[in-house]
Amino acid sequence: METLAQLGEGGPGPWILLFPVIWALVIGGAITLLRRTVWRGRRGPGRAAVEDNSPITVLGHRFASGEIDEDEYWRRLSVLDEQFGRTGRGGAA
């Protein structure tokens, strides 16, 4: 009986390289599916959700809508950062 490990004529050929690719796609698909469904609402340590009406979020929305310029944004963010702390990257999480 010939085995897949046999080299030479009658061996598995180059198609054997598809097995790791298929497994990588299956594992990647499972992780993507879990991240979009089950793990969506969970937050890890240090990743607390920012309230929609928190001062830092409001400041981020004002900057994004063009109400304040970049200098004003960073100036106010530094003051808010001292008082409330920042939970997201960029301050507008």
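Just so it is clear, none of the values below were taken in a lab; they were calculated from the coordinates. Keep in mind that what you see is a predicted model, and the values were worked out from it rather than measured. All Cβ positions, glycine included, derive from the backbone under ideal geometry; neighbour counts span all protein chains shown.
Which of the residues that make up segment 56-70 are hydroxyl-bearing (S, T, Y) and more than 16 Å from D81 (Cβ to Cβ)? First the steps, then the outcome.
The first filter runs over segment 56-70 and keeps only residues hydroxyl-bearing (S, T, Y), leaving 57, 65.
Across segment 56-70, the qualifying residue is only S65.
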Query raised in the report: Tell me, which residue of segment 65-85 that is more than 14 Å from P55 (Cα to Cα) and of a type in the set (G, A, S) is farthest from the chain's Cα centre (by Cα)?
Result: G66
